Amino acid sequence: MIRAATEADVPAIYQLIRDLAEYERALPEVTGTERQLHDALFAQRPSAAQPAIFAHVAEHEGKVGGFALWFLNFSTWQCRHGIYLEDLYVRPELRGHGYGRQLLAELAALCVERGYGRLDWSVLDWNEPTIGFYRSLGAVSIDDWMRFRLTGQALANLAAGRSGS
């Protein structure tokens, strides 16, 4: 069963995030807390009319066995929103049961129902089983684009250089 995540799912989702980071050889980069995840998903902020991130879970025998965490992006070329899938993870022992496909199908259905133009995500270049899975769904890699990121001191340095600082 695929469903929208609830507050009660946050501990399981947080553990799956840690499991994913460990699989991707990046566990030390997980610095957020379970509380921060809860607040990002469910805290009511007066300045925000709607949440900024969303999650769906795959249930297996009454327990969370996988999750998809996503947010809206925007295509200036299409002049439409889309969904950016930040993370998709299914417990290793539950892979092959169709949960990953169903989570992606749920997000694709949201795109179609809401008139969003696309569903985007990233995958590590060494993760061949996952790349093969995505290709089997009809997904294509965007080989002529590179991702960039600013974090830590580089982020702070650039922010310090803004006009009026």
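Computed values, structure above
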read-out	value
Breaking point among (1) among the basic types (Lys, Arg); (2) at pLDDT 95 or above; (3) on the phi > 0 side of the Ramachandran plot, for residue 25	(2)
Checking residue 124 against (1) under 15 Å from the mean Cα position of the chain (by Cα); (2) closer than 23 Å to residue 79 by Cα, the condition it does not meet	(2)
Answer from 99, 116 - the residue that is over 14 Å from residue 3 (Cα atoms) and surrounded by 17 or more Cβ atoms within 10 Å (Cβ to Cβ)	116
Failed item, numbered, when residue 6 is tested on (1) in contact with an Asp or Glu (Cβ under 9 Å, 6 or more places away or on another chain); (2) without any contact (Cβ under 8 Å) to a residue 12 or more places away in the chain	(1)
Number of the exception - residue 105 against (1) within 18 Å of the chain's Cα centre (by Cα); (2) assigned to a loop (DSSP other than H, G, I, E, B)	(2)
Identity of the residue in the range 112-165, basic (Lys, Arg) and in a helix (DSSP H, G or I), that ends up nearest to residue 20 (Cα to Cα)	135
One residue from 163, 75 being at pLDDT below 95, more than 18 Å from the chain's Cα centre (by Cα) and not hydrophobic (A, V, I, L, M, F, W, C)	163
Residue satisfying condition, being touching a residue at least 12 places away in the same chain (Cβ under 8 Å) and not charged (D, E, K, R), within set 36, 15, 78	78
Residues satisfying the stated conditions in the range 6-40, i.e. among the aromatic types (Phe, Trp, Tyr) and either in a loop (DSSP other than H, G, I, E, B) or within 16 Å of residue 124 (Cα to Cα) (or both)	23
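To keep it simple, each residue is scored yes or no on (1) out of contact with any helix residue (DSSP H, G or I) (no Cβ under 7 Å at 6 or more places or on another chain); (2) surrounded by 10 or more Cβ atoms within 10 Å (Cβ to Cβ); (3) in contact (Cβ under 8 Å) with a residue 60 or more places away in the chain.
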residue: 135; (1), (2), (3): yes, yes, no
residue: 143; (1), (2), (3): yes, no, no
residue: 150; (1), (2), (3): no, yes, no
residue: 153; (1), (2), (3): yes, no, no
residue: 157; (1), (2), (3): yes, yes, no
residue: 162; (1), (2), (3): yes, no, no
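The values are calculated or read from the model by the stated rules, or taken from the named source; none is laboratory data. The model shown is predicted, which means the values in this text are computed figures rather than measured ones. All Cβ positions, glycine included, derive from the backbone under ideal geometry; neighbour counts span all protein chains shown.
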